[in-house]
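Just so it is clear, none of the values below were taken in a lab; they were calculated from the coordinates. Quick caveat, the model's predicted, so the values are computed rather than measured. We place every Cβ from the backbone using ideal geometry, glycine too, and count neighbours over all the protein chains shown.
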Protein chains: 2
Amino acid sequence: MADNGRSPRERYREQVRDEIKAHAWTQVATGASAPSLNAIAKRMGISGPALYRYFRNRDELITDLVLDAYRDLAATCRAAAAPGEPPRARLTEVAVALRRWALATPHRYLLIFGTPVPGYSAPPEATTIASSLMAVLVEAFAESATPARGPGGAAIFDAHLGGHQKWTGSRPATAGSLRRALTFWTRLHGVVSLEIAGHFAGMGFDPGLLYATEVEAALTA
Amino acid sequence: MADNGRSPRERYREQVRDEIKAHAWTQVATGASAPSLNAIAKRMGISGPALYRYFRNRDELITDLVLDAYRDLAATCRAAAAPGEPPRARLTEVAVALRRWALATPHRYLLIFGTPVPGYSAPPEATTIASSLMAVLVEAFAESATPARGPGGAAIFDAHLGGHQKWTGSRPATAGSLRRALTFWTRLHGVVSLEIAGHFAGMGFDPGLLYATEVEAALTA
DNA sequence: CGCCTTGGTTAGAGGCTCTAACGGAAGTAT
DNA sequence: ATACTTCCGTTAGAGCCTCTAACCAAGGCG
């Protein structure tokens, strides 16, 4: 918070960038699938091309938004996994936090996990953040007592995972924990993404109840 | 195939509409997140606003594409569920067909299940198609001998599902079958959508293997 | 003080969606 | 066959967008 040693110019620059991003968020939150630099500038009272001093092009803005969203999601999930609790409770908390986060700001969730925006430029930093997010799950599952007693295919996949543990970021975990964290994640995403995108709309049941059931099933399986 | 009793004008119109949609598909397949009417017209050798004789606006085109994709997916899944086989084999076939379909044309999958395009106009017909797709799964699960021996939450959700069976389209099925079909679908979608969107890219494992494991787990759970 | 980096400006090219007004051609009725 | 109507194409243009080019004013620094 101490504005550590940056020149006033740099602080101003950072501030304007943040303001631009804030406007972009409100814009994407209110319907627009992708923010418009022009509209943002108009709202900020400055004229069009001024924004190009702060972001080289629209893709750079969007990439920044994606990374911010990703970081926020990771922080939220990490915060939800209070380290004192037993692993199963932690995982449930993470699951609840994930859905809450997604429902609170669906556009943010979709910006990360929806259709890759233009011709999808995979930001390299995103993988790092994703790993830190996975680490929360992996650690909880590693701590969990339940053995990896899945069906036969699980053993095959565990064997396949053997050499690919680099993407967890933290210390090596068993393949079983990796697999369980991964499938846990995909199951949560399956429900949440369909709900966010409105695919449960006409069906008339409570998505929250489905989610709770799915979380419980994923944790006892 | 007999061009049943439609006037030549109507046949011509249909033909041009199909040609437009074909161009739109190739365009969306090659990077563009959403097709451009202008570019399509240019490719077809006609000039801009002529397309507005065939589609009222771009959203109508996209909606048409979505519905076509949805129909094709439903047909593919139905075809994959050969009625002679035992239910578990049928479900596996559907799962395989789904992933194959998604990987063959990711843009199509994302057009249906990705970020809802602009301000998302939910087409009412989509729900019908979705129901027909679900019906395939529901019937297979209904035929499956395995009882709904899920965790405690499953019973709660089954009870909740009691009155909401209208969305299956076909004859009434047990709440357990509905629940299992629904969660089966969400689990498949969870893996496929993340793979399609490239979220497994940096992780260096085989998504196909993960998918196979997940399908097997979903069927034995 | 002079200089240079930086953040703003306007002009404008080129793209998009979509409307308006119009002309010709194809089908239809007389 | 002729007249009418409907339909499909055209161009013009408004209004949005991204992004580049050229220019200018002010702040920081030697």
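Here the protein assembly as shown is treated as a Stokes sphere of Kirkwood radius computed over C-alpha pairs; at 20 °C and 1.002 mPa s its diffusion coefficient rounds to 90 µm²/s. As a proxy for reagent exposure, ranking A:44, A:134, B:203 by other Cβ atoms within 10 Å from fewest up yields A:44, B:203, A:134. Sorted from nearest, the other copies put their residue A:29 label points 4.0 nm away, the label point being 7 Å from Cα in the direction of Cβ. For residue B:155, the point set 7 Å out from Cα toward Cβ sits 3.3 nm from its twins in the other copies, listed from shortest up. The Kirkwood radius of segment A:54-105, taken over pairs of alpha-carbon atoms, gives through the Stokes-Einstein law at 20 °C and 1.002 mPa s a diffusion coefficient of 174 µm² s⁻¹. Here, chain B has an Rg and a Dmax of 20.2, 62 Å when only alpha carbons are counted.
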